[in-house]
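The structure appears below as structure tokens.
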Amino acid sequence: MDHNEHLLLKIQQYLQGQLQPGEMHQLEREALDDPMLQDAIDGYRQAKLVDHRQLSLLQQRLENRIAGQLAEKTAFYFGWQRLAVAATAGLLFFIACILLWMVINHHQHKQAQPQKKVDVELTPAPH
Amino acid sequence: MAFKKITPEIRSGFSEQELLFNYRVSGDLELLGLLYEPYMSLIYGLCLKYLKDEAKSEDAVMQIFEQLIGKLRIHEVSHFKSWLYTLARNHCLMELRSADKHPHISIEETFVEFEHFEHPAITGDPLEEKLTIMEQCVQQLNADQQQCIRLFYLEEKCYKEVAEITGFDLNKVKSCIQNGKRNLKICMDKFGNGS
């Protein structure tokens, strides 16, 4: 039995008059020094019920809320936005590689062409 | 205090202060859950007292948790339980205010009777002095409070037994003990300050 259930059971037994006088006195003294406990006892007394099922549901809600953060975290790491950015970056890199390859290839192709021989004869200019 | 990576195995051994510190650094909701969960049944009861509605109280318990998510990353809290109590109570009062419902607070619950008296001269052993002061302060209480305080604190009777002995109803016993305790504290402080 966890802390919550134990405390709730004690409050329930207290409100139903099932505790021994010594235990009742102990809880009352504790409540006098602990306004949160006092308010909780008052609240359960007003509501005329101590519902363990209700508390279990609340604990479940809390667990779901915490699990929600973990799911968010996972979604953040592998979310579509990140994937889109990564895909765009990859595509740009690919295009850049192709352009570079084309430039290099063109340059090499140019260098590979045979050089044309041009004979130039120089004749003295007439005076 | 150094930040420690907390695994589920070592999580249960952490003190409240360590959980607070680690949550403030990491923002890990699991740590906040560990801090909040032990108080959930009390917070729910507190919300029931102020909001007087089960569904609203359940929502309030979760809304208070949502408030903690942000606040505990900013504030350095030394006494978590009292801080949480104030936060939860304020949340409920704000809820009531926003719903334009004013909480009915009975005079009996909050009214502290204040009585004037002559200060006696105090000399001798400190413990003896304190006991003398306490006895004098108890005598300053009205008859009902005096009777309830003696039965509750000195004879260690529970409210039910005090009610049976005095013939008062339980609410009156509770009110007498709460107000009597408050009055005693004021009286003792007055003597302690030597005013």
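The values are calculated or read from the model by the stated rules, or taken from the named source; none is laboratory data. Keep in mind that what you see is a predicted model, and the values were worked out from it rather than measured. Counting neighbours? That spans all protein chains shown, and the Cβs are built from the backbone with ideal geometry, glycine included.
Brief remarks on what is shown
- The residues in segment B:69-100 that are of a type outside the set (A, V, I, L, M, F, W, C), over 21 Å from residue B:49 (Cα atoms) and not in a helix (DSSP H, G or I) can be counted, and the count is 4.
- Out of B:79, B:75, one residue alone is exposed (fewer than 15 other Cβ atoms within 10 Å of the Cβ), within 15 Å of residue B:36 (Cα to Cα) and not polar (S, T, N, Q). It is B:79.
- Those residues of segment A:1-10 which are within 38 Å of the chain's Cα centre (by Cα) and either at pLDDT 80 or above or at the interface with another protein chain (Cβ under 7 Å from one of its Cβ atoms) (or both), in sequence order: A:3, A:4, A:6, A:7, A:8, A:9
- Residue within segment B:109-126 that is at pLDDT 90 or above and within 28 Å of residue B:45 (Cα to Cα) present: no
- Residues of segment B:85-98 satisfying the condition of being touching a helix residue (DSSP H, G or I) at 6+ places or on another chain (Cβ under 6 Å) and among the aliphatic types (A, V, I, L, M): B:88
- Pairs, first more than 9 Å from every other protein chain (Cβ to nearest Cβ) and crowded, with 22+ Cβ neighbours inside 10 Å in segment B:30-56, second among the aromatic types (Phe, Trp, Tyr) and part of a helix (DSSP H, G or I), C-beta under 8 Å, six or more apart: B:31/B:23
- Candidates in segment B:155-173 are the residues that are under 17 Å from residue A:16 (Cα atoms) and free of Cβ contacts under 8 Å to residues at least 12 places away in the same chain; of these, the one that is surrounded by the fewest Cβ atoms within 10 Å (Cβ to Cβ) is B:169.
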